[in-house]
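K.L.:
After the structure tokens below, expect a handful of questions from me.
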Amino acid sequence: MASYREHALDGAGAVDLVVALYDGIIRFLYAAITAVERGDADARRAAVKRALDIIIHLQARLRMDIGGRPAQVLSEFYAAIFAEILQASQSASMTKFQHAIDCVRNVRDAWREVARDPNANSASPPVLMMTSRPAAAAPADSASGSSWTA
């Protein structure tokens, strides 16, 4: 499945890659909920770490000098959702994880709207600068580093 995801992103535009990263956050948060249901603290922590790694990656790639206020708002969103996911994990709260999923899904859907613009994927989003597929979308055992530039 990881290989399929990797190849599916090969021809993806910049905005499509951002949407894929948001999908990854959502996928890992659902895995955290499943781990809470099973009482598996190790799996919960592993899923949370993967979600937080993506958030850190996205926040680190924000271009405040280019993105202006939208970049600032995204930075604040990433900080808030990071804190909420940590709280959800600490309390093993499925409700808090679900709220985080809903928030991430809302922003992901906004990026999907941007992706519908035929010109949006021809260049990097105004708040991010990317050169190719991000490492976070690569298989988990990939040793390659991120090719995104700030």
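The values are calculated or read from the model by the stated rules, or taken from the named source; none is laboratory data. Please read these numbers as outputs of a predicted model, since none were measured by experiment. FYI the Cβ positions are ideal-geometry reconstructions off the backbone, even for glycines, and counts take in every protein chain you see.
K.L.:
Listed residues R45, R27; which is assigned to a helix (DSSP H, G or I), out of contact with any helix residue (DSSP H, G or I) (no Cβ under 6 Å at 6 or more places or on another chain) and either closer than 28 Å to V15 by Cα or touching a residue at least 60 places away in the same chain (Cβ under 8 Å) (or both)?
P.N.:
Checking each option against the conditions leaves just R27.
K.L.:
Something else now. State the number of residues belonging to region 32-42 that are among the small types (G, A, S), in a helix (DSSP H, G or I) and either within 14 Å of the chain's Cα centre (by Cα) or more than 17 Å from C103 (Cβ to Cβ) (or both).
P.N.:
Residues that pass the stated criteria total 2.
K.L.:
Return the only residue of F82, F77 being assigned to a helix (DSSP H, G or I), free of Cβ contacts under 8 Å to residues at least 60 places away in the same chain and in contact with a helix residue (DSSP H, G or I) (Cβ under 6 Å, 6 or more places away or on another chain).
P.N.:
F82
K.L.:
Please go through region 85-97 and give me each residue that is out of contact with any Phe, Trp or Tyr (no Cβ under 9 Å at 6 or more places or on another chain) and part of a helix (DSSP H, G or I), ordered by number.
P.N.:
L86, Q87, Q90, S91, M94, T95, K96
K.L.:
Another question, if that's okay. For A100, are the conditions met, namely being under 15 Å from the mean Cα position of the chain (by Cα), modelled with pLDDT of 95 or more, among the aliphatic types (A, V, I, L, M) and loosely packed, with under 14 Cβ neighbours inside 10 Å?
P.N.:
no
K.L.:
How many residues, within region 49-73, are under 27 Å from M94 (Cβ atoms) and either over 12 Å from the mean Cα position of the chain (by Cα) or basic (K, R) (or both)?
P.N.:
2
K.L.:
Looking only at residues in region 103-136 that are polar (S, T, N, Q) and more than 16 Å from R27 (Cα to Cα), which one is modelled with the highest pLDDT?
P.N.:
Across region 103-136, the extreme among qualifying residues is N119.
K.L.:
One residue is enough: does region 30-44 have a residue meeting the conditions buried (at least 17 other Cβ atoms within 10 Å of the Cβ) and modelled with pLDDT under 95?
P.N.:
Among the residues of region 30-44, not one is buried (at least 17 other Cβ atoms within 10 Å of the Cβ) and modelled with pLDDT under 95, which makes the answer no.
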